[in-house]
Amino acid sequence: MKNFYSIGEVAKILNISTSKLRYYDKNDIISPEIRKENGYRYYSEKQIVLLKK
């Protein structure tokens, strides 16, 4: 596994929509580990494990 995954990759791994991940971020449920200046979100492997639960 690699260290960080884009919002699209995480959505595919978890079989959920990118909108749901953005909702989680907006409502402080789980935020991306990294947010680039261009607004791209990147999630860690640890966060993916948490989201699977």
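Each reported figure results from applying straightforward, stated rules to the coordinates on display, with no laboratory input. Bear in mind the structure is a predicted one, so any value in this text is a computation, not a measurement. All Cβ positions, even for glycine, are placed from backbone atoms using ideal geometry, and neighbour counts span all protein chains on display.
For the chain, what is the convex hull (Cα atoms) projected area averaged across all directions, in square nanometres?
For the chain, averaging the hull's shadow over all directions gives 3.5 nm².
Would you calculate the separation in nanometres between label points at Lys2 and Ser44, each defined as 7 Å from the Cα along the Cα-to-beta-carbon direction?
Distance between the two pseudo-spin positions: 1.8 nm.
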